[in-house]
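J.: For reference, the structure I am asking about is given below.
The values are calculated or read from the model by the stated rules, or taken from the named source; none is laboratory data. Model, not experiment: these values are computed from the prediction. When we count neighbours, we look across all protein chains shown, and the Cβ atoms used for this are built from the backbone with ideal geometry, even at glycine.
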């Protein structure tokens, strides 16, 4: 009788032990599954970094508060360049300026003053600068081709003048053109009667 009771107790203990072991195994598998899910989620690729848009550079001069070279976003218009330059000056002929015109990299914008010779709104760029003062070349607005029409000014000197003007702003008087590297007094004497500033 005692042997039978001992046998029953042993079977009961064996059953409980197996059940407990299975429970731990299930819990371990469940925990492992959670860890695997975390690892999968963390391995997802991150969003790509946005690239910076390349800026355009324009030179605005004439009847604005501060003539200078400004960096603008692609797709900018003359209105944006005027605002960057501090707005129109009091003498600006605003009605002659097409503020909606798209800008290009390296473009020069000339804002005319009230009383200057009539020109269309499209003639606010350096490519369409008007000739004034008896056909003299305005060295603040002239293109390379117009500068090359001056005595002794070839392509290289014309480019030097444009580069100096772009970096330093408008010439305040015609004598200031002598500040351009490589343009000596002798060259100035040849062109002083052909040039003007505004």
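J.: Which of the residues belonging to the range 175-196 are touching a helix residue (DSSP H, G or I) at 6+ places or on another chain (Cβ under 8 Å), surrounded by fewer than 18 Cβ atoms within 10 Å (Cβ to Cβ) and in contact (Cβ under 8 Å) with a residue 12 or more places away in the chain?
T.: Hits for the range 175-196 are 175, 179, 181, 182, 188, 192.
J.: Another question, if that's okay. Being surrounded by 15 or more Cβ atoms within 10 Å (Cβ to Cβ), touching a strand residue (DSSP E or B) at 6+ places or on another chain (Cβ under 8 Å), modelled with pLDDT of 95 or more and closer than 14 Å to residue 101 by Cα narrows it down to one residue among 82, 58; which is it?
T.: Result: 82 is the single residue among 82, 58 that is surrounded by 15 or more Cβ atoms within 10 Å (Cβ to Cβ), touching a strand residue (DSSP E or B) at 6+ places or on another chain (Cβ under 8 Å), modelled with pLDDT of 95 or more and closer than 14 Å to residue 101 by Cα.
J.: Somewhere in the range 96-116, is a residue assigned by TED's automatic domain parsing to the domain that holds residue 70, assigned to a helix (DSSP H, G or I) and either modelled with pLDDT of 85 or more or surrounded by 17 or more Cβ atoms within 10 Å (Cβ to Cβ) (or both)?
T.: yes
J.: When you check residue 152 against the structure, is it part of a loop (DSSP other than H, G, I, E, B) and modelled with pLDDT under 85, yes or no?
T.: It is false that residue 152 is part of a loop (DSSP other than H, G, I, E, B) and modelled with pLDDT under 85.
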